[in-house]
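Read the structure below first, then the notes.
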Amino acid sequence: MPSCNPSSFTVSPDVELPVPAPGETWAVGAVILNADGAAFAQKRSPGRRLFPDTWDIVGGHVEAGETLLAALAREIEEETGWHLRHVRRCLCTSTWTGDDGAGLRHEVDCLVEVDGDLDRPALERSKHTAYGWFGPDNLSRLKENRAPGDFFIHDLLARTVRQRS
């Protein structure tokens, strides 16, 4: 298991994360920007139960006994090989139900900085088939294979990229 010691990364003082209630299912997401202000996304494998063959940000479910920040660091490392360096801000908190029958989930998505070679993410090939950097000129690709109106990832990254510009 990756090392996710919370002291190995910093958090901006104004970041306020939600406090999960007992019994809630939580997920975390990381929005990662490169030096040009483009946002990282990876394409989920077609065989995935939840959101197959769609673009997604780095993230996943919070495991039992894990904090939101520890889950964020773990997911970044597992899905890219990069290491969480700094949590800049909380972008949004949402509640949603997937099409996989697992019920209601709560999610917090954060803008983060990472250490590692941004040109060479170590994708989990069993879960992701491709990756890309998305800026103003190619954000529309994030809508591929999404149901009409299901543009959460597109909208989140578009808002973040525009704020950075």
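Just for the stretch 112-165: of the residues that are farther than 25 Å from Glu77 by Cα and of a type in the set (S, T, N, Q), which one is least open to solvent (accessible area, probe 1.4 Å)?
Asn138
List the residue pairs whose Cβ atoms are under 9 Å apart, where the first residue sits in the stretch 137-160 and is more than 20 Å from Glu107 (Cβ to Cβ), the second is of a type in the set (Gly, Ala, Ser), and the two are 6 or more positions apart or on different chains.
Asn138/Ala38; Asn138/Gly132; Leu139/Ala39; Leu139/Ala158; Arg141/Ala41; Arg141/Gly132
When residues of the stretch 140-165 are filtered for being touching a Lys or Arg at 6+ places or on another chain (Cβ under 9 Å) and not in a loop (DSSP other than H, G, I, E, B), how many remain?
So the count comes out to 3.
Give the residue that is most open to solvent (accessible area, probe 1.4 Å), with candidates limited to residues of the stretch 7-37 that are outside any strand (DSSP E or B) and touching a Lys or Arg at 6+ places or on another chain (Cβ under 9 Å).
Out of the qualifying residues, it is Asp14.
What are the residues in the stretch 41-60 that are open to solvent by 10 Å² or more (accessible area, probe 1.4 Å), of a type outside the set (Gly, Ala, Ser) and more than 11 Å from Gly29 (Cβ to Cβ), if any?
If the condition is that a residue be open to solvent by 10 Å² or more (accessible area, probe 1.4 Å), of a type outside the set (Gly, Ala, Ser) and more than 11 Å from Gly29 (Cβ to Cβ), then Lys43, Arg44, Pro46, Arg48, Arg49, Leu50, Phe51, Pro52, Asp53 are the ones that fit.
Find all pairs meeting these conditions: Cβ atoms under 6 angstrom apart; at least six residues apart or on different chains; first residue within the stretch 42-56 and touching a residue at least 40 places away in the same chain (Cβ under 8 Å); second residue part of a strand (DSSP E or B) and of a type in the set (Val, Ile, Thr).
The qualifying pairs are Lys43/Thr129; Ser45/Thr129.
The values are calculated or read from the model by the stated rules, or taken from the named source; none is laboratory data. Nothing here was measured: the structure is a model prediction, and the numbers come from that model. Every residue, glycine among them, receives a Cβ derived from its backbone with ideal geometry; neighbour counts consider all protein chains shown. To get the accessible areas, we keep the full protein, side chains included, count just its heavy atoms, and leave off ligands, DNA and RNA. Shrake-Rupley method; radii C 1.70, N 1.55, O 1.52, S 1.80 Å.
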